[in-house]
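Each remark here refers to the structure printed beneath this line.
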Amino acid sequence: MDSSRQPVVAPLALVPVAHRWNAVVWVLCGLLPPALAVVDEPAGTKYPTYVLLAALTFAYAAVAMFPGRPLLRPAAYLTVLAAGLGAVSYAMGSGAALFIVSLPHFWIYASGPVAALSFSGAGAALTVLGTIAGREPHSALLSGNVLFTVIGYVAGAGVGLLVQRVAEQGDARARRLADELVDTQRELAEAHRMQGAAHERERMAREIHDTLAQGFASIVVLAEAARAGLESEPARAAQQLTSIEQTARENLAEARILVGAGPAPGGVVQGSVAGTLRRTLDRFAEDTGTAVDAELPDDVECDQQTRIALLRCTQESLANVRKHAAASTVIAVLTRTAYGIELELTDDGRGFDVGAARGFGLDGMRRRLAELGGELSVTSSLGDGTRILVSLPASHDHDHDDRDRQEIS
């Protein structure tokens with residue numbers, strides 16, 4: 001079976017519910033009473049009435065049961081309906097009730113208000129003519145059938161015009177709401193685009209700060225130290241120049257990754273988080289001469305995003321120690337807890353006022369951790385060093401971006 005084929009919809013399923021109820025009312029209150037009324041009438045009245053009612057039924061079915069492709073055009077049906085009303089009135093000598101019950105058809109199937117008034121007016125006139133034909137005109141004109149036919153036409157015209165006006169107002173309101181919805185959706189899409197662009201700018205700024213900016217700051221510090229020690233400590237200066245070269249290469253690789261020109265993502269990073277942090281701490285100790293005491297158990301495991309966050313927080317903390325703390329010792333402790341992973345970084349430097357601190361580094365760390373459901377706690381005071389506590393849940397289901405999928409060395 002071809003799954004691409006559209007499901008077949010029954011013709012009656014396309015008929016509006018209101019039209020179905022109108023059909024039921026028309027049959028029960030319009031066609032059935034005349035059929036019952038002529039049961040005991042002579043054959044000359046009974047059978048022509050049955051034939052006319054059957055013809056009206058088939059004509060209505062031809063236009064109502066196939067709304068998409070009617071067997072009889074609506075205008076043709078209304079013509080048949082008006083003529084049939086007149087013929088039934090002539091056969092029975094009355095037809096006001098059938099005409100009144102049939103009035104909704106003129107408004108449902110007419111092309112507009114003018115056409116509805118014209119067809120219903122023709123139906124009313126033919127009903128009156130059928131009622132008075134072959135009878136004494138004066139008494140027939142004053143009969144209740146003629147009076148109710150005229151009243152029904154006038155009332156039907158008024159109700160039809162009122163409903164038409166309400167429908168037009170409803171359509172206009174719907175169009176206005178649709179236009180407002182389109183405008184709102186457009187504004188929302190623009191807001192989302194701008195928000196996405198802002199988030200992307202923030203992400204790029206954070207990545208640049210955590211990688212390139214820190215790398216360049218390290219290069220500057222190492223270059224100044226190497227220049228100062230060229231004559232007094234040539235071996236130390238050579239080591240610092242090697243560190244400058246290595247840092248510059250790493251920055252170049254980071255830049256290529258950020259602009260999308262780096263190597264393809266390599267999937268899950270190999271190795272433990274402890275090894276990654278240990279290499280970073282050893283490099284810091286080598287470049288600065290600061291003593292590093294690290295407790296980094298190798299059995300602590302985490303997903304790649306957690307590892308990235310821990311590394312970036314470590315790099316930012318060490319950069320602050322290098323630039324501001326003047327510390328002699330840095331202590332790093334990695335711990336697996338019941339809720340996830342904690343990384344504590346402590347230095348014995350000059351400390352700072354946490355409440356007055358302003359800078360991109362700490363805010364960037366907080367945002368990065370918040371995206372993963374983690375928290376950053378900073379404890380420090382002037383002269384008492386600084387304690388950074390990073391807390392992260394065990395794993396995350398967030399999407400990995402290209403930067404987070406690179407292998408960290």
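The values are calculated or read from the model by the stated rules, or taken from the named source; none is laboratory data. Note that the structure is a prediction, hence the values are computed from the model and not measured. Heads up, the Cβs are rebuilt from the backbone with ideal geometry, glycines too, and the neighbour counts pull from every protein chain shown. Heads up: the accessible areas ignore ligands, DNA and RNA and are worked out on the full protein's heavy atoms, side chains in. Shrake-Rupley method; radii C 1.70, N 1.55, O 1.52, S 1.80 Å.
One residue stands out among those in the range 22-39 that are under 56 Å from the mean Cα position of the chain (by Cα) and within 14 Å of V88 (Cα to Cα): the one that is surrounded by the most Cβ atoms within 10 Å (Cβ to Cβ), which is G30.
Scanning the range 69-106 for residues that are part of a loop (DSSP other than H, G, I, E, B) and open to solvent by 60 Å² or more (accessible area, probe 1.4 Å) turns up R69, L71, R73. Selection of the range 322-337 for residues being on the phi < 0 side of the Ramachandran plot and out of contact with any helix residue (DSSP H, G or I) (no Cβ under 8 Å at 6 or more places or on another chain) yields H324, A325, S328, T329, I331, V333, T335, R336, T337. Out of all the residues in the range 165-178, is one or more open to solvent by less than 50 Å² (accessible area, probe 1.4 Å), free of Cβ contacts under 8 Å to residues at least 12 places away in the same chain and in contact with a helix residue (DSSP H, G or I) (Cβ under 8 Å, 6 or more places away or on another chain)? So far as the range 165-178 goes, no, none of its residues is open to solvent by less than 50 Å² (accessible area, probe 1.4 Å), free of Cβ contacts under 8 Å to residues at least 12 places away in the same chain and in contact with a helix residue (DSSP H, G or I) (Cβ under 8 Å, 6 or more places away or on another chain). Restricted to the range 374-388, and to residues that are more than 16 Å from D353 (Cβ to Cβ) and buried (at least 16 other Cβ atoms within 10 Å of the Cβ), which residue is farthest from the chain's Cα centre (by Cα)? Checking each candidate, the answer is L376. Being surrounded by fewer than 19 Cβ atoms within 10 Å (Cβ to Cβ), in a loop (DSSP other than H, G, I, E, B) and either at positive phi or out of contact with any strand residue (DSSP E or B) (no Cβ under 8 Å at 6 or more places or on another chain) (or both) is true of E301.
Residue count for the range 305-356 satisfying the condition of being among the aromatic types (F, W, Y) and under 43 Å from the mean Cα position of the chain (by Cα): 1.
Applying the condition of being of a type in the set (A, V, I, L, M) and open to solvent by 30 Å² or more (accessible area, probe 1.4 Å) to the range 229-243 and asking which residue is nearest to Q214 (Cα to Cα) yields L241. Scanning for something under 30 Å from L129 (Cβ atoms), in a helix (DSSP H, G or I) and in contact with a Leu (Cβ under 7 Å, 6 or more places away or on another chain), does the range 144-153 turn up at least one residue? Scanning the range 144-153, I find at least one residue that is under 30 Å from L129 (Cβ atoms), in a helix (DSSP H, G or I) and in contact with a Leu (Cβ under 7 Å, 6 or more places away or on another chain), so the answer is yes. If you go through the range 107-137 and keep only what is part of a loop (DSSP other than H, G, I, E, B) and over 51 Å from the mean Cα position of the chain (by Cα), you end up with A133, G134, R135, E136.
Among the residues of this structure, V51 does not count as one that is among the β-branched types (V, I, T), open to solvent by 50 Å² or more (accessible area, probe 1.4 Å), out of contact with any strand residue (DSSP E or B) (no Cβ under 9 Å at 6 or more places or on another chain) and modelled with pLDDT under 85.
All of A309, A370, A357 fail the test of being open to solvent by less than 50 Å² (accessible area, probe 1.4 Å) and without any contact (Cβ under 8 Å) to a residue 40 or more places away in the chain, apart from A357.
Annotation note: Cβ proximity below 7 Å between a residue of the range 278-304 that is within 22 Å of L372 (Cβ to Cβ) and at pLDDT 90 or above and a residue that is open to solvent by 40 Å² or more (accessible area, probe 1.4 Å) and part of a helix (DSSP H, G or I) (sequence gap 6+ or interchain) occurs for L296/R278.
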